[in-house]
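Data first, discussion second: the structure below is written as structure tokens.
The values are calculated or read from the model by the stated rules, or taken from the named source; none is laboratory data. A quick note: this is a predicted structure, and the numbers were derived from the prediction, not measured. Here Cβ is always computed from backbone atoms with ideal geometry, including for glycine, and neighbour counts include all displayed protein chains. Ligands, DNA and RNA are stripped out before the accessible areas are found, and what is left, the full protein with its side chains, is counted by its heavy atoms. Shrake-Rupley method; radii C 1.70, N 1.55, O 1.52, S 1.80 Å.
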Amino acid sequence: MALWRGTSPLILASQSSARKMLLANAGLEFEAVTADIDERGIQASSNLGDPREIALLLAREKAKAVSMGRPGSYVIGADQTLALGSRLFNKPAGRPQALAQLRDLAGNSHELNSAVAVARDGKIVFEDVSVARMTMRPMSEAELSAYLDAAGEAVTRSVGAYQLEGLGIHLFERIEGDHFTILGLPLLPLLAYLRSEQLIAV
């Protein structure tokens, strides 16, 4: 039974494998479309400092950018920021930067701020930000190197140089927050919105 009741296809403005997996596992049929925006440029010109506001801004911009080319469709945009105190992290460019990030995160607690926004015809109709608090265990240089050796290029594909659904789980001693927020898509509030609009069958 198809769960999606919208008259136009549901669109995910992302090629993130984790986000696509979450929507697919929830039984929703959707199309994944890359949002062609300059994320770092938008962030820099916004002059925003709050990690939650930055995540929400980028989620909105992704949703709106794709929505403009898909009239009538509901478009989901999502973004995630990682904050260690007042310091924001971006995806590491390579192993040296990944190692530097992990050195700073090891033994400390940081926050993942996951934002979702839904746009239709270029206008935002729903948005939400969820937060997860992640405590990484203290790690020696040898342990960090062993992790980087095992994880390989995957460390450059996510902020903080880890993917919790994979080998990144070995880095942590405590996690506060739901699985969906950690993977970058606040799924429960998103589904609640879609239900409120009678867009899904359950």
**Report entry** Any chance Asp36 is without any contact (Cβ under 8 Å) to a residue 60 or more places away in the chain and more than 22 Å from Pro138 (Cα to Cα)
**Finding:** yes
Query raised in the report: Is it fair to say Leu191 is over 19 Å from the mean Cα position of the chain (by Cα) and under 24 Å from Tyr74 (Cα atoms)?
Result: no
Report task. Filter segment 1-54 down to residues that are among the small types (Gly, Ala, Ser) and farther than 25 Å from Leu199 by Cα and give me whichever is most open to solvent (accessible area, probe 1.4 Å). Result -> Ser45
Report summary line: For Ile76, the lone unmet condition from (1) under 18 Å from the mean Cα position of the chain (by Cα); (2) modelled with pLDDT under 95 is (2)
Requested in this report: Tally the residues that are open to solvent by less than 40 Å² (accessible area, probe 1.4 Å) and either touching a Leu at 6+ places or on another chain (Cβ under 7 Å) or touching a residue at least 40 places away in the same chain (Cβ under 8 Å) (or both), restricting the search to segment 81-94.
Outcome: 6
Query raised in the report: Which pairs do you get when a residue that is closer than 20 Å to Tyr74 by Cβ, found in segment 48-62, comes within reach of a residue that is open to solvent by 20 Å² or more (accessible area, probe 1.4 Å) and assigned to a helix (DSSP H, G or I), reach meaning Cβ atoms under 7 angstrom, with the pair 6+ apart or on two chains?
Result: Leu57/Ile42; Leu57/Ser46; Leu58/Glu39; Leu58/Ile42; Leu58/Gln43; Glu61/Ile42
Query raised in the report: Is it fair to say Arg157 is within 12 Å of the chain's Cα centre (by Cα) and either over 21 Å from Ala26 (Cβ atoms) or of a type in the set (Lys, Arg) (or both)?
Result: yes
Query raised in the report: Looking at segment 181-199, is at least one residue farther than 30 Å from Arg70 by Cα and in contact (Cβ under 8 Å) with a residue 60 or more places away in the chain?
Result: no
Query raised in the report: Which numbered condition trips up Ala44, out of (1) touching a residue at least 24 places away in the same chain (Cβ under 8 Å); (2) in a helix (DSSP H, G or I)?
Result: (1)
Query raised in the report: What number goes with the only condition from (1) touching a residue at least 40 places away in the same chain (Cβ under 8 Å); (2) touching a Leu at 6+ places or on another chain (Cβ under 7 Å) that Arg120 does not pass?
Result: (2)
Requested in this report: Kindly indicate whether Ala78 is closer than 30 Å to Leu144 by Cα, in contact with a helix residue (DSSP H, G or I) (Cβ under 9 Å, 6 or more places away or on another chain) and surrounded by 23 or more Cβ atoms within 10 Å (Cβ to Cβ).
Outcome: yes
